[in-house]
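Peer 1: Have a look at this one.
The values are calculated or read from the model by the stated rules, or taken from the named source; none is laboratory data. Please read these numbers as outputs of a predicted model, since none were measured by experiment. No Cβ is skipped: glycine too gets one built from the backbone with ideal geometry, and neighbour counts run over all protein chains shown. For the accessible areas, the whole protein counts, side chains as well, though only heavy atoms, and no ligand, DNA or RNA atoms are used. Shrake-Rupley method; radii C 1.70, N 1.55, O 1.52, S 1.80 Å.
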There are 2 protein chains.
Amino acid sequence: MSVYIRGYGITKFRKSKDSIYSLALEAATALIRRFEIERKDIDGIIIASSSPEPYLANVISDMLGIRPKIACKVEQMCSSGSRAITTAYSYIRAELAKNILVIGVDKHDSISNILEWDPGRGNFKHPTHWAALYTQLHMRLFGTTEEDLALVTVKNRKNGIKNGYSYFNNELTLEEVMNSKQIVGPLRLYHCSYICDGAAALLLTDKPDDKPVRIVGIGEKSIGASISSITDYTCLESTVIASKEAYKMANISVKDIDLFEIHDAFSICEIMAYESLNLVEKGKGRQLLRDLIDDKASIKINSSGGLLGNGHPLATTGVAQAVELTMQLKEEAGERQVKGCRIAALHNMAAAATTSNVLIFKREYG
Amino acid sequence: MSVYIRGYGITKFRKSKDSIYSLALEAATALIRRFEIERKDIDGIIIASSSPEPYLANVISDMLGIRPKIACKVEQMCSSGSRAITTAYSYIRAELAKNILVIGVDKHDSISNILEWDPGRGNFKHPTHWAALYTQLHMRLFGTTEEDLALVTVKNRKNGIKNGYSYFNNELTLEEVMNSKQIVGPLRLYHCSYICDGAAALLLTDKPDDKPVRIVGIGEKSIGASISSITDYTCLESTVIASKEAYKMANISVKDIDLFEIHDAFSICEIMAYESLNLVEKGKGRQLLRDLIDDKASIKINSSGGLLGNGHPLATTGVAQAVELTMQLKEEAGERQVKGCRIAALHNMAAAATTSNVLIFKREYG
């Protein structure tokens, strides 16, 4: 039994008073209209969200005029989006559903956006603290520079403003990033992704369409939930494990991947992810970054703009990454189209990389 | 690929200041100890909860010393528990995990316990309003009496106080129920289940143990989320659809079922469920009730005591129902053991029966 991505929809990322419901509906109806989906064919609806609204999947289903077999909200903080995709994949593989609408939706001011629990963090609960820790260590051990960190943001913002849904409208110069406000240690404002509102939708199905995109690899790992569950701060531990598993399931080498959407919650995350995803050896992340900027790399990273280039509506992010992979693999990405993109992957993580989910999609036409 | 239930654990239902975390840990460690489960073998943890705490599955996993592949919270109001079981079932069927710990856990004072959204309900948002509507209609059309309603509670409370985890300690007389405080229309206090704290845990696995209990049927349906999505108030519409599907998947007739755990959120729900699950024809629910009380029925209903006999910690309920099925099918139910129990089913629903999930378990030994 194979699982394919049939359609996608996404909203403009924003900071608004729009309700969680209207955001979800906007992404879902964009998908339903563009791909001419019959509502009666949708037998599952899985919502990824940090919203505490009860019965959220059913309410959205009701508003959409869908009467599904399966309706469910899933939550795993910033990796909720990819979690919803693997949940939908599993329901289809288990033959409990045929066509599942996955919607990632979140608000910038959700009460569940911040992880209050973690005795190991003491009072340093804001994500900038773990990001500063990872950043300082990487700079000290591997010579990563403030310029490297800034270049990640410059690259991703440049991609983001092309896609039509980014929160942002303008490019940033290297100087603007390097001179932006200092937050914690070496961490500056523009090294941090911006929490905003947004929704993204995907339709997973058991049948291929005329431009089939198939889910071929899934790797997932949670090493815990707290800073103290990490044993090696020189890499993203859960990413190392999840990516190995995903490559194995897809029966590919990392070199086969044409595009990787990476969870760049902070600039350092992208550089560390290059290494933890085994795109390069540990400590060589900054070299790949320079190659990417000079267009000398054999892979594209964050063609969508990633989190730094688009904003980060928590549970939406993993679904938005999958929307980008699907657009690229269906050759519908317009001016940011990655030429010859046949295998594309996403890396979605949560809470200081204590969780990582890696998904691999493959183009099966042409 | 078959999915089995390997172990179970459950807490005393209560009203307490215990945290959502400590409740979950209590049920999970009861399971892990009793069934001698190695933590390293658990590769998935799925939490059913209305709690808005973010990253809940990971935090509980961290506290338990488990480093799973899959960690996820699922929510579908009062049917979250069975939703978590079918999600775990799907992950195993999809070959993404082998041993998944499912925990249902909720607090009586969770902010997400009440569905605020439903324009069709106007100001009548409390569940007692839809229950009163169903009750009045059933009394008028089918001659169901106040005594029938009270007998459901008397029967279930009597079962509940035997199981060791019920919120309640004493039986209720027919008079006590019939004279209890009037809430809305014919609905009285003791016709309503009691929202409390509690947790229940199950271990789903891909391998049979020495007393294998297999999940053989799953039927699920959501007809919407609002009162206005219901077209026929004389039955539980979603239950009719979900149960047919479950019987079909299990390849059984309803007459093959030895025990049914039914979602008796209110007395009327149990009587209506008899009919909607096709145990009897529409309007004959009260006859089956009398047969059950006179021990003349060929099926047992709510041997655990159900929601009326135990209390109703929202997302916990579906998992607690499955714990009862497993205990009965493994012949570990003590003085409430249903003799010769080989096929057992559960009916878990949400929000005026706009969702129903029906699961069927089968004993595959002896």
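Peer 1: Can you run down the residue pairs with Cβ atoms below 6 Å, 6 or more apart or on separate chains, where the first is in the range A:111-123 and farther than 30 Å from A:Ser19 by Cβ and the partner is open to solvent by 50 Å² or more (accessible area, probe 1.4 Å)?
Peer 2: Pairs that qualify, where the first residue is farther than 30 Å from A:Ser19 by Cβ and the partner is open to solvent by 50 Å² or more (accessible area, probe 1.4 Å), are A:Gly120/A:Ser228.
Peer 1: Answer yes or no: is there a residue in the range A:71-90 that is farther than 25 Å from B:Ile215 by Cβ, touching a strand residue (DSSP E or B) at 6+ places or on another chain (Cβ under 7 Å) and surrounded by fewer than 24 Cβ atoms within 10 Å (Cβ to Cβ).
Peer 2: Within the range A:71-90 (the criterion being farther than 25 Å from B:Ile215 by Cβ, touching a strand residue (DSSP E or B) at 6+ places or on another chain (Cβ under 7 Å) and surrounded by fewer than 24 Cβ atoms within 10 Å (Cβ to Cβ)), the answer is no, since none of the residues qualifies.
Peer 1: Could I ask something else about it? Within the range B:98-118, how many residues are at the interface with chain A (Cβ under 7 Å from one of its Cβ atoms) and either of a type in the set (Ser, Thr, Tyr) or touching a His at 6+ places or on another chain (Cβ under 8 Å) (or both)?
Peer 2: 1
Peer 1: Sort out for me the strands (runs of 3 or more DSSP E) sitting completely within the range A:179-258 that have 3 or more residues that are of a type outside the set (Ser, Thr, Tyr) and either within 14 Å of chain B (Cβ to nearest Cβ) or surrounded by fewer than 17 Cβ atoms within 10 Å (Cβ to Cβ) (or both).
Peer 2: Passing ranges, in order: A:213-222.
Peer 1: Please determine whether any residue of the range B:139-154 is assigned to a strand (DSSP E or B) and modelled with pLDDT of 95 or more.
Peer 2: So far as the range B:139-154 goes, no, none of its residues is assigned to a strand (DSSP E or B) and modelled with pLDDT of 95 or more.
Peer 1: If I filter the range A:326-338 for residues that are hydroxyl-bearing (Ser, Thr, Tyr), more than 15 Å from A:Thr86 (Cα to Cα) and assigned to a helix (DSSP H, G or I), do I get at least one hit?
Peer 2: For the range A:326-338, residues hydroxyl-bearing (Ser, Thr, Tyr), more than 15 Å from A:Thr86 (Cα to Cα) and assigned to a helix (DSSP H, G or I): present.
Peer 1: Could you check, for the range A:40-61, whether at least one of its residues is among the acidic types (Asp, Glu) and crowded, with 24+ Cβ neighbours inside 10 Å?
Peer 2: No, that holds for no residue.
Peer 1: With respect to A:Ala24, is the statement that it is open to solvent by less than 40 Å² (accessible area, probe 1.4 Å) and farther than 19 Å from A:Val319 by Cβ true?
Peer 2: no
Peer 1: Does A:Glu364 meet the test of being more than 22 Å from A:Leu141 (Cα to Cα), without any contact (Cβ under 8 Å) to a residue 12 or more places away in the chain and either open to solvent by 10 Å² or more (accessible area, probe 1.4 Å) or more than 19 Å from the chain's Cα centre (by Cα) (or both)?
Peer 2: no
Peer 1: Under the condition of being outside any helix (DSSP H, G or I), more than 10 Å from every other protein chain (Cβ to nearest Cβ) and out of contact with any Lys or Arg (no Cβ under 8 Å at 6 or more places or on another chain), which residue from the range B:19-67 is nearest to B:Lys162 (Cα to Cα)?
Peer 2: Per the stated criteria, the residue is B:Glu36.
Peer 1: Go through A:Arg121, A:Arg140 for me and flag whichever is in contact with a His (Cβ under 9 Å, 6 or more places away or on another chain) and either more than 11 Å from chain B (Cβ to nearest Cβ) or open to solvent by less than 10 Å² (accessible area, probe 1.4 Å) (or both).
Peer 2: Criteria check complete, one pass: A:Arg121.
Peer 1: Moving on. Out of A:Lys296, A:Lys330, A:Lys282, I need the residue that is among the basic types (Lys, Arg) and open to solvent by less than 10 Å² (accessible area, probe 1.4 Å). Which one?
Peer 2: A:Lys330
Peer 1: Right, next: Across the range B:68-97, which residue is farthest from A:Glu75 (Cα to Cα) among those that are at the interface with chain A (Cβ under 7 Å from one of its Cβ atoms), part of a loop (DSSP other than H, G, I, E, B) and touching a residue at least 12 places away in the same chain (Cβ under 8 Å)?
Peer 2: By that ranking, first place goes to B:Leu96.
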